[in-house]
Structure formats: structure tokens, C-alpha cells
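The values are calculated or read from the model by the stated rules, or taken from the named source; none is laboratory data. These numbers were taken from a predicted model, which means no experiment stands behind them. Backbone-built Cβ (ideal geometry, glycine too); neighbour counts: all protein chains shown. Protein only, heavy atoms only, side chains kept; ligands, DNA and RNA dropped before computing areas. Shrake-Rupley method; radii C 1.70, N 1.55, O 1.52, S 1.80 Å.
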Amino acid sequence: MNLSVRRRTLALAGTVLAGLLAGAVPATAEEAGVAAAPDISVANVKQHLADLQSIATANGGNRAHGRAGYKASIDFVKAKLDAAGFTTTVQTFTYNGTTGYNLIADWPGGDTNQVVMAGAHLDSVTSGPGINDNGSGSAAILETALAVSRAGYQPAKHLRFAWWGAEELGLVGSRYYVNNLPSTERAKISGYLNFDMIGSPNPGYFVYDDDPVIEKTFKDYFAGLGVPTEIETEGDGRSDHASFKNVGIPVGGLFTGASRTKTSAQVQKWGGTTTAFDRCYHSSCDTTANINDTALDRNSDAVAHAIWTLSSGTTPPPGKVFENTTDVSIPDNGAAVTSSVAVTGITGNAPSSLPVGVDIIHTWRGDLVVDLVAPDGTVYNLKPYSSSDSADNVQTTYSVNASSEVANGTWRLRVQDRAAQDTGYINGFKLTFP
Ligand code: DTR
Ligand code: ZN
Ligand code: ZN
């Protein structure tokens, strides 16, 4: 158990212990049947930032409302969530004569009369790629959502994630969402968590001081890490949580600072320098180099801690894994190749959300068509060919409804490269049965 995990467990145990003193409360989250959040891989979060950077670079240097880079960002996030089993909706709106997009992703399950929602604006300003502002918040909640899927997390309260358009133009996308949400649906949102700039290069650790339960959830987490926090004082009205607060929905969130200068007292507390928290705020230098990894890591883990804690769900016991890690070369623009696993000892059919782990190393992954082939030959397309997806590698877990398939037998991952020049290989293929 690494230090961070040990401290996190202590934080959780501390909270539970407080309850213990107040009454008969199990000593650990697990004994309470409430799952503890998994560690969020900052490497995965940074990969999402690298992908968003690539999108901005390929689209005029930004991901702003009304520009190609923003829609490409929406498509990128949506594809990952669709593959992970989320129910996604793209909500369109018009602002300044151009179409804007909100992406809403619901995790199936949980009490839909009690919705725990997490959001981040996905748009940048026109002057730069917006990696800290706000790729950082967008990537952190994306990786948390993917962690929910990988864990097969079963929340007591329903989970909803959102990526907002046109925040930089005045909270336009989130306000459109709230204004078009019937009051009966608004009343179901038990809390909205906002993450806007959570990886600033000269970071502070600020917690919104709105809803006290949400605020305490975040403050307890950072106390468990031994990281002091301060109340976010300039946040009112400054980001998408305002759209929800304005209609009476409990809100909270995290922030690592923008153009304000870190004081010497804050430097004593957090390190860094008495300069701007983010000297590249709304500038062209807000690139992947404009991120403090420690702040991004801590805040990503805080996002997951809050989501798990506030939705008080459970994680099913680990399943039975069948894996093939033999490398299989993929012929350039050639015949399909396969990697297979022989599933045995599983009773009945496969589950309606069969986790399919795919690890393919390949430049310009858009060349590839990736399928799951069941023992009876039924083909489930995991990833279609895409002439525009220039990012590298396919390393994700898909969720497949394989409930009509008998579980035992030989399952195959089939990969075909349908365009010339880029090459690669299957690095791994994994199926997990409950
Ligand atoms: N308005 C946000 C940045 C920002 C400035 N202050 C705060 C406080 C809390 C959250 C966000 C912000 C933007 O430029 O997107
Ligand atoms: Zn901004
Ligand atoms: Zn922002």
C-alpha cells in the first residue's frame, strides 16, 4: 500500500471512526458495505490532456466555442464514455450565432431520484489550447468516470457527469442545461461538483465553501493527505457551479488558482513562488507543460473520493480474469489478426456488461477496426475505422452486452489495419467475468 493510499484509507477510517464514536458504525468503509474510491492514475489523466492538446494543435491551436477544436474535444470524450458503457447525450445550443455542445453522461443504475453530478467546462479560450483551463477538470472527471466503469461500481445514488460548452463566454452551456431541466429533474440533483482549473502550475488547494457536506468531503480528503486547504473566495459566479447554485442545487468543487498571485503565507503552506497560480491563464502557453502533476494527481483522487463518498455505493468482488498478453503484429493495411482467450469454468451466459480490456500499440489508431468475436462467431464491434482519429494506441476497457452468449469457449479480439503507413501490434486482451 503506497503512502497516498494509506493516508486516504486513514482519512476514510477517520471519518468512519468519528461516526463510530457517535454510534454503531463499522470501522471501515468495506465493513459498511460502502466502497472506497480507487486511486486515479495521473498518467491516464495526463494522457487525456495530451489527447486534448493534440486536438487543439490540429485545429488552429484552441478548443474554443464555435471552433472545430471544441467539437473534436466533445467527440473525443464521448467516444471513451460510449465504449465504457455510459449513456451519453449531446445537448446543442446556439450562442453568438454558432452551435455549442454539452455532453452529459449517465452511469446506468443508482437511485435516479438522487443524482450526484460532476461537471467541468471543456471549452478553452480562443488564445490557446486550455489544458489547465479547463482540460484539467475535464480530464479528471473523464478518468473518474472510466474508473467507475472499470470497477463496475454500483452507486446507491445515480451518477451523472457533464462537460460544458461556452463557459468562457459566460457559463453559457451549463446555464442552458439548468434552464432547460424541468424543475422536477432539478430537484433530483442532490449535489453538483465543479472542477475548473485543478492542475495549476503554481498550485493552491482551494475548496468551494458552498454546500457544507460537499465542502467537508473534500476537506476531509485533503486532511487525510496532510495537505492544507483554503476556502475559494473568488469563485462565486466564476464557473459553472453558479448555474446550479442559482437554482438552489447544493454545489461544491475544487480550484488550484488562476491569475491571482500566491502570497508568501501561501508559499509557506503549499510551496511554489509568490507569482501567479497560473501565469498562462487564458494564454497560448496553457499547454500540457502548464500543469503541476502533484496538484492534478491529488485533485483527481479528490474527485473520485467525493464521487464514491457522496454516492455511497458498492463495488462487486473482483471477477475471474482471462487474459492473453502475447504480442500479435498487425499487418499494415492487411489481413485481420486475432488474440484469443479460452474461457472455462463460468456457469451460464456472459454478463450484459462484459468488461473487454484492449491494449493495442499502434500509431494513428483510426486505421484500426477492433472487434470482439464470441465463441459462436458473433461479432461485436468495439471500435470502427476512423479516417480522422490520429491519436496513438487503443488502451481502454469496453463494456459489451454479451448476455446472449454462452460464457465458456474461445473468445477472440480481432484487429484489422485498413490504411497504409502506420503499424503496430496487439499487446494484450482481457475478459473479466463476475
Ligand atoms: N472563470 C474560470 C476561472 C476561474 C477564476 N476564478 C475561479 C474560481 C473558481 C473556479 C474557476 C475560476 C475560467 O476562466 O474558466
Ligand atoms: Zn477560463
Ligand atoms: Zn475555466
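For the reader, a short list of remarks on this structure follows.
- Candidate lysines - alpha carbon under 16 Å from residue 78, same-chain residues fewer than 8 apart omitted: 383
- Only lysines eight or more places from residue 245 in sequence, or on another chain, were considered; those with a Cα closer than 24 Å are 157, 188, 216, 219.
- Helix-derived mean residue ellipticity, 222 nm - over the chain, DSSP H n ≥ 4, -39500 (n - 2.57), to 500: -9000 deg cm²/dmol
- For segment 297-348, the gyration tensor built on C-alpha atoms gives an oblate shape. Its axis ratio a/c (a ≥ b ≥ c) is at least 1.5, and a/b is not larger than b/c.
- Between the helical axis of 3-22 and the longest alpha-carbon principal axis of the chain there is an angle of about 60 degrees.
- Surface composition of the chain: carbon plus sulfur atoms hold 51% of the accessible area, using a 1.4 angstrom probe and ignoring ligands, DNA and RNA.
- For segment 363-428, a crude dipole built from +1 on the beta carbon of Lys and Arg and -1 on the beta carbon of Asp and Glu, taken about the Cα centre, is about 60 debye to the nearest 20.
- Relative contact order for the chain, counting Cα pairs under 8 Å that sit 6 or more residues apart, in percent: 16
- Across segment 172-238 the C-alpha pair distances fall into 5 Å bins from zero in the proportions 3, 13, 21, 22, 17, 12, 8, 4, 0 percent.
- Beta bridges assigned by DSSP with both partners in segment 34-183 are antiparallel in approximately 60 percent of cases.
- Formal net charge of residues neighbouring residue 364 (Cβ-Cβ distance under 12 Å; K, R +1; D, E -1): -4
- With Cα atoms, 0 to 90° folded angle of helix 68-83 axis to the chain main axis: 60
- The Cβ shell under 14 Å around residue 213 holds other residues with a net charge of -2, Lys and Arg each +1, Asp and Glu each -1.
- Scattering curve values for the chain, log₁₀ I(q)/I(0), Debye with Cα scatterers, q = 0.10, 0.12 Å⁻¹: -0.72, -1.03
- Neighbourhood charge, 14 Å Cβ-Cβ cut-off, centred on residue 126 and excluding it, Lys, Arg +1 and Asp, Glu -1: -3
- Measuring max minus min along each principal axis, the C-alpha atoms of segment 307-434 give extents of 46, 38, 23 Å (largest first).
- C-alpha long axis of helix 42-58 to longest principal axis of the chain, angle in °: 90
- Counting only DSSP beta bridges with both residues in the chain, the antiparallel share comes to about 75 percent.
- Taking every protein chain into account, the accessible area of segment 213-361 amounts to 43 square angstrom per residue (probe 1.4 Å).
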